[in-house]
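For reference, the structure discussed in these notes is given below.
The values are calculated or read from the model by the stated rules, or taken from the named source; none is laboratory data. The structure displayed is predicted, hence computed values, not measured ones. Backbone-built Cβ (ideal geometry, glycine too); neighbour counts: all protein chains shown.
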Amino acid sequence: MYQKIPESITVTEAIKKMEHYCAYQERCHKDINDKLYTMKLIPEAKEKIILHLLEHNFLNEERFAKSFARGKFRIKKWGKQRIVRELKFRQISEYCIKSALKEIPENEYLSIFHELAEKKFASISETDMYKKRKKLIDYLLYRGWENQLVFEKAKDLSE
């Protein structure tokens, strides 16, 4: 059979696609670079597209970080450590990470932590208190909650 020749895409078409990609949901530079890589564009074209996205405010790393932190905290109930780890994985700057963490009110942070810990503790069917406590601690640490908060709460709940 015939070998399919990969279709080339013009810079204008790529810009339109990337505008739509960014408008659909907040994106970081890493997301954009990964997407542009799949389009197999030359480096000059990639730079031109990224510059266009930045100039027209389709791409804003601080806005992405804030949105990411709010969403992961409120929807997935992640702790600050997990949020920071995920933002670093996406190569977000320290400044943007600090700015993003300010989006999470301390009182709401603690109330969600306590609510999550109590709900999880009640749902663990383990009879051995030591194992039950360990499961709770592992769960909360995986979710990115701070060690001192987790261990204090586990101690309180298992007494």
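Output the residue which, of all residues in region 111-159 that are in a helix (DSSP H, G or I) and acidic (Asp, Glu), is nearest to LYS77 (Cα to Cα). Write out each step before concluding.
Going residue by residue through region 111-159, those that are in a helix (DSSP H, G or I) are 111-123, 129-142, 147-158.
Then keep just the ones that are acidic (Asp, Glu); that gives 115, 118, 138, 152, 156.
Values: GLU115: 10, GLU118: 13, ASP138: 15, GLU152: 19, ASP156: 21 Å.
Among those that are in a helix (DSSP H, G or I) and acidic (Asp, Glu), it is GLU115.
Sort out which residues of region 51-100 are under 27 Å from LYS17 (Cβ atoms), surrounded by fewer than 17 Cβ atoms within 10 Å (Cβ to Cβ) and among the aliphatic types (A, V, I, L, M), and write them in order of number.
LEU51, LEU54
Tally up the residues in region 108-123 that are touching a helix residue (DSSP H, G or I) at 6+ places or on another chain (Cβ under 6 Å) and either small (Gly, Ala, Ser) or surrounded by fewer than 14 Cβ atoms within 10 Å (Cβ to Cβ) (or both), please.
Final tally of qualifying residues: 1.
Give region 51-66 a look and list any residue that's over 19 Å from ARG90 (Cβ atoms) and either assigned to a helix (DSSP H, G or I) or touching an Asp or Glu at 6+ places or on another chain (Cβ under 7 Å) (or both), or say none.
Once the filter is applied, which keeps residues that are over 19 Å from ARG90 (Cβ atoms) and either assigned to a helix (DSSP H, G or I) or touching an Asp or Glu at 6+ places or on another chain (Cβ under 7 Å) (or both), region 51-66 yields LEU51, HIS52, GLU55.
Taking only region 32-60 into account, find how many residues are over 17 Å from THR10 (Cα atoms), of a type outside the set (A, V, I, L, M) and in contact with a Leu (Cβ under 9 Å, 6 or more places away or on another chain).
Within region 32-60, residues that are over 17 Å from THR10 (Cα atoms), of a type outside the set (A, V, I, L, M) and in contact with a Leu (Cβ under 9 Å, 6 or more places away or on another chain) number 1.
Please specify each residue of region 89-117 satisfying the condition of being without any contact (Cβ under 8 Å) to a residue 24 or more places away in the chain and either within 24 Å of TYR24 (Cβ to Cβ) or of a type in the set (Asp, Glu) (or both).
If the condition is that a residue be without any contact (Cβ under 8 Å) to a residue 24 or more places away in the chain and either within 24 Å of TYR24 (Cβ to Cβ) or of a type in the set (Asp, Glu) (or both), then PHE89, GLU94, GLU106, GLU108, GLU115 are the ones that fit.
Looking only at region 118-141, count how many residues are within 20 Å of VAL84 (Cβ to Cβ) and free of Cβ contacts under 8 Å to residues at least 60 places away in the same chain.
4
Residue-by-condition table, conditions (1) modelled with pLDDT under 95; (2) assigned to a helix (DSSP H, G or I); (3) closer than 30 Å to GLU115 by Cβ:
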{"site": "LYS17", "(1), (2), (3)": "yes, yes, no"}
{"site": "TYR21", "(1), (2), (3)": "yes, yes, no"}
{"site": "ASP31", "(1), (2), (3)": "yes, yes, no"}
{"site": "LYS40", "(1), (2), (3)": "yes, no, no"}
{"site": "ILE49", "(1), (2), (3)": "yes, yes, no"}
{"site": "PHE68", "(1), (2), (3)": "no, yes, yes"}
{"site": "TRP78", "(1), (2), (3)": "no, no, yes"}
{"site": "VAL84", "(1), (2), (3)": "no, yes, yes"}
